[in-house]
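**Q** One structure, pasted below without further comment.
The values are calculated or read from the model by the stated rules, or taken from the named source; none is laboratory data. The shown structure was predicted, so the numbers you read here are calculated from the model rather than taken from an experiment. Cβ placement follows ideal geometry from the backbone for every residue including glycine, while neighbour counts extend to all protein chains displayed.
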Amino acid sequence: MFYVCRRALMLRALTIVAFIIALVGLSPAVATASVAPTCSVAGITVDSLGGPNFYIDSGSSPEFRSSYTGYKITNNTGAALSDVWVQLSDFTGGSLALGSGQAAAQRAGDVASAATTSRFWYLTASTASTNPQNHTVTVYQHNPTLPDAVALCSTVGGFSSVQATLGASANKVTNITVSGAAPKLGAQFTVTVTGNTGTIGSGITGDSESLWMSPAVAETWPAGVFRLVGTSLTISPNGTAPAQTYTDTLRVAGLGSSARDYTARYTFQAVGFSATSTTLKPVQEISSGTQVKHTGSYSVSLPAIQPPVSDLTVALTATPATLPFGGGTASFEGQSAALPVVSSTASR
């Protein structure tokens, strides 16, 4: 009898477990890249905004071991996509990873049919490496950390290697400015860098006659406070033709060899708080001879982003000002310089 009861209890427990598993399986759990179709099949194009290699300079002081990468998402599905998010995950190769404070997933918002949108991520390399440094790029509908997220597609992104570079005086930065009001939470501002490429060389195999740009290179850059939301590069495409502007890009290649001026612009949005001022060091990596060399450590200081302080005050009056011991009814009136009068009645 005891055996039968125990067997019945075990069967009931297994039934409950099976029900829970089925319930979890049917619930809108967070989608993963492993179950998402490839982006080419899903009708979503994911294009890298960077080049084939990731560049660092461990010999500089401070070290240049970080920079931005980015992806342009094009909606070729034939229908509008709502609440689109893009996430980087599953880094392989042993050197590259998300930088300090950099969120893996970023919201791209609503993307109309045939429209494009770009997003940027701050990466840090631990060392130079000849190993491919890959990661998974997954496009979601809804925030991937929430249970209603749907993985629309995934693809592989990354770099063929992490290459060591060095500084070159011929690659000159002539001016750095910050436009817009003093950065505050939610505000956008633009950092403008002007310079000259010097003579452009063949560079590293697969990355010929190129200019690669990043507004920050320090490992300590607070990517979670200042979000890169847009870039542009104004430069002559061959050294003789009029300058043209490339938007939302981090690299332009096939520039020819002639030295020329350029203007790089980086637009940020303040999305967090910083207790102290932050040093921004924009760097351009430019093909020089058979190498890639970077501009010097030019910097600009950004003020601290302090939490907002509310200056709202409310004046409250009661009629009558006091109630007798046995209770009664009083009317309250509250007023602020920024708000209309609010009245309420309470009984005791």
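**Q** Among the candidates Gly93, Gly50, Gly101, Gly78, single out the residue that is of a type in the set (Gly, Ala, Ser), in contact with a strand residue (DSSP E or B) (Cβ under 6 Å, 6 or more places away or on another chain) and more than 14 Å from Val283 (Cβ to Cβ).
**A** Of the residues listed, the single one that is of a type in the set (Gly, Ala, Ser), in contact with a strand residue (DSSP E or B) (Cβ under 6 Å, 6 or more places away or on another chain) and more than 14 Å from Val283 (Cβ to Cβ) is Gly93.
**Q** Which residues, counting only those in the stretch 244-260, are surrounded by fewer than 17 Cβ atoms within 10 Å (Cβ to Cβ), touching a residue at least 12 places away in the same chain (Cβ under 8 Å) and not hydroxyl-bearing (Ser, Thr, Tyr)?
**A** Across the stretch 244-260, the qualifying residues are Ala253, Gly254, Gly256, Ala259.
**Q** Pick out the one residue from Asp110, Asp148 that is in a strand (DSSP E or B) and more than 18 Å from Tyr262 (Cβ to Cβ).
**A** Asp110
**Q** Select from the stretch 66-82 the residues that are without any contact (Cβ under 8 Å) to a residue 60 or more places away in the chain and surrounded by fewer than 23 Cβ atoms within 10 Å (Cβ to Cβ) and write down the one among them that is nearest to Tyr122 (Cα to Cα).
**A** Here the answer is Thr74.
**Q** Being of a type in the set (S, T, N, Q) and either over 21 Å from the mean Cα position of the chain (by Cα) or under 21 Å from Pro237 (Cβ atoms) (or both) is the filter here, so list the residues in the stretch 249-298 that pass it.
**A** Listed by number, the residues that qualify are Thr249, Ser257, Ser258, Thr263, Thr276, Gln284, Ser287, Ser288, Thr290, Gln291, Thr295, Ser297.
**Q** Just checking, how many residues over the stretch 117-161 are in contact with a Lys or Arg (Cβ under 9 Å, 6 or more places away or on another chain) and either without any contact (Cβ under 8 Å) to a residue 12 or more places away in the chain or surrounded by 15 or more Cβ atoms within 10 Å (Cβ to Cβ) (or both)?
**A** 7
**Q** Residue by residue through the stretch 272-316, note down the ones that are β-branched (Val, Ile, Thr) and surrounded by 12 or more Cβ atoms within 10 Å (Cβ to Cβ).
**A** Thr278, Thr279, Val283, Ile286, Val292, Thr295, Val300, Ile305 - these are the residues of the stretch 272-316 that are β-branched (Val, Ile, Thr) and surrounded by 12 or more Cβ atoms within 10 Å (Cβ to Cβ).
**Q** Looking at Asp110, Asp90, which is the one that is within 29 Å of Ser58 (Cα to Cα), touching a residue at least 24 places away in the same chain (Cβ under 8 Å) and over 16 Å from the mean Cα position of the chain (by Cα)?
**A** Exactly one residue qualifies, and that residue is Asp90.
**Q** Taking the condition of being in contact with a Ser or Thr (Cβ under 7 Å, 6 or more places away or on another chain) and not in a loop (DSSP other than H, G, I, E, B), how many residues in the stretch 70-85 meet it?
**A** Number of matching residues: 6.
**Q** OK, next. So which residues in the stretch 175-191 are within 30 Å of Ala259 (Cβ to Cβ) and modelled with pLDDT under 90, if there are any at all?
**A** Ser179 - this is the single residue of the stretch 175-191 that is within 30 Å of Ala259 (Cβ to Cβ) and modelled with pLDDT under 90.
**Q** Give me a count of the residues in the stretch 201-231 that are among the small types (Gly, Ala, Ser) and within 30 Å of Ile305 (Cα to Cα).
**A** Final tally of qualifying residues: 6.
**Q** Determine if the stretch 173-180 includes at least one residue that is surrounded by fewer than 18 Cβ atoms within 10 Å (Cβ to Cβ), outside any strand (DSSP E or B) and among the polar types (S, T, N, Q).
**A** No, because not a single residue in the stretch 173-180 is surrounded by fewer than 18 Cβ atoms within 10 Å (Cβ to Cβ), outside any strand (DSSP E or B) and among the polar types (S, T, N, Q).
**Q** Here is a follow-up. Among the residues of the stretch 111-158, write down those that are of a type in the set (D, E, K, R) and under 28 Å from Pro215 (Cβ atoms).
**A** Arg119, the sole residue that qualifies.
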